[in-house]
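Input: a single structure, listed below in structure tokens.
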Amino acid sequence: MRLLVVEDFQPLRESLTQGFREAGYAVDEASDGQAALWHARNGEHDVIILDIMLPKVDGLSVLQQLRDQSSPSLVVLLTAKDTAEDKINGLELGADDYLVKPFLFAELLARVKALVRRKYESKSTILRIADLEVDTSHRNVRRGGKPIDLSGREYALLEYLAHNADRIVSRTDIWQHVYDFNASPESNVVDVYIGLLRKKIEREGEPRLIHTRRGQGYLLAEMEHR
């Protein structure tokens with residue numbers, strides 16, 4: 001999943017970015033509202049973590065522009081203001097969640113995970129495709145009850161495919177959701193990681209779950225759709 005962290009206080013922004021990347025997310029970052037809008041226009045983010053007090057363009061104005069442009073990104077507002085009026089104002093402008101500073105990173109991470117499940121209409125933290133289980137809460141993967149050890153990038157790719165199980169996702173879709181802005185969509189990085197993932201979840205004798213649709217992309221499903 002791909003996130004955008006918008007925070008003008010550099011130590012906090014870098015801490016959040018590092019924490020989310022260690023948790024397996026692709027992360028873009030911005031230090032002001034103008035840069036946030038640029039990133040939002042030039043990338044597709046599952047969740048935007050948005051500070052309200054920003055230079056150039058304040059966070060609520062950024063949120064309003066995102067909603068006016070029908071951005072599908074879910075937004076968590078970060079603010080030092082904790083009055084009911086402030087919360088109501090942010091939620092009425094289209095925020096999906098609201099967190100008051102100071103906060104524990106673990107709480108923010110849990111809220112982001114919940115929003116991702118909501119976005120992909122996954123009520124359970126366990127995604128199942130045939131005998132494959134992806135535990136999005138603990139980031140564990142099993143097939144046939146046996147644990148599978150994945151790198152952070154491999155897990156991020158598998159979780160995105162699992163959230164879109166039985167649907168074809170293009171290489172561009174995968175790049176936009178799994179890799180941050182520094183990755184090049186023209187490279188073969190998606191195909192390389194698909195190959196690595198297949199070796200781990202499709203061991204000898206096990207039915208194929210990741211199917212290639214030429215000219216279209218990839219499909220995670222029990223049976224290939226024709």
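Between Ser122, Met223, Leu150, the Cα set farthest toward the positive side of the dipole of the chain (charges on each charged residue's Cβ, about the Cα centre) is that of Met223.
For the chain, what's the relative contact order in percent, using C-alpha pairs closer than 8 Å and at least 6 residues apart?
In percent, rounded to a whole number, it is 17.
Tell me what the chain gives for mean residue ellipticity at 222 nm when only DSSP H runs of n ≥ 4 count, each as -39,500 (n - 2.57), the sum divided by the residue total, rounded to 500 deg cm²/dmol. Before the final figure, lay out each step's value.
Details: 8 runs with 90 residues, N = 226.
Calculated mean residue ellipticity at 222 nm is -12000 deg cm²/dmol.
Entry comment: accessible area of the chain is 50 Å² per residue, from protein heavy atoms only and a probe of 1.4 Å.
Each part reduced to its alpha carbon centroid, the stretch 206-222 and the stretch 1-39 end up 32 Å apart. With θ taken as phi - 60° and the Karplus curve 6.51 cos²θ - 1.76 cosθ + 1.60 applied, the whole-hertz 3J(HN,Hα) list for the stretch 128-139 is 10, 10, 6, 9, 8, 10, 10, 8, 6, 7, 9, 6 Hz, x standing for glycine and proline. Here each label is just a point 7 Å from Cα along the line to Cβ, and for Leu91 and Thr125 those points are 2.4 nm apart. Compared with the direct C-alpha span, the chain from Ser137 to Lys200 gains 20.6 nm at full extension, assuming 0.36 nm per residue.
Each residue of the stretch 81-161 gets 114 Å³ once the volume of the Cα convex hull is shared out per residue. Placing +1 on each Lys and Arg Cβ and -1 on each Asp and Glu Cβ, with no other charges, gives the chain a dipole about its Cα centre of roughly 840 debye. Does the chain come out rounded, prolate or oblate by the C-alpha gyration tensor, with a ≥ b ≥ c the root eigenvalues, rounded set by a/c under 1.5 and, if not, prolate when a/b is larger than b/c and oblate if not? Judged from the Cα gyration tensor, the chain comes out prolate (a/c at least 1.5, a/b above b/c). Two tests apply to each whole DSSP H helix in the chain, Cα reach of 20 Å or more along its axis and mean Kyte-Doolittle hydropathy of at least -0.5, and the ones passing both are 105-119. Computed over protein heavy atoms with a 1.4 Å probe, the carbon and sulfur contribution to the accessible area of the stretch 117-162 reaches 43%.
Is the C-alpha gyration tensor of the stretch 1-80 telling us rounded, prolate or oblate? Criteria: a/c under 1.5 is rounded; beyond that, a/b larger than b/c is prolate, otherwise oblate. Don't jump to the answer; show the numbers that get you there.
Working: a/c = 1.84, a/b = 1.18, b/c = 1.56.
Oblate shape, in that a/c is at least 1.5 and b/c is the bigger or equal ratio.
The values are calculated or read from the model by the stated rules, or taken from the named source; none is laboratory data. Predicted model only: the values in this text are computed from it and were never measured. All Cβ positions, even for glycine, are placed from backbone atoms using ideal geometry, and neighbour counts span all protein chains on display. Ligands, DNA and RNA are stripped out before the accessible areas are found, and what is left, the full protein with its side chains, is counted by its heavy atoms. Shrake-Rupley method; radii C 1.70, N 1.55, O 1.52, S 1.80 Å.
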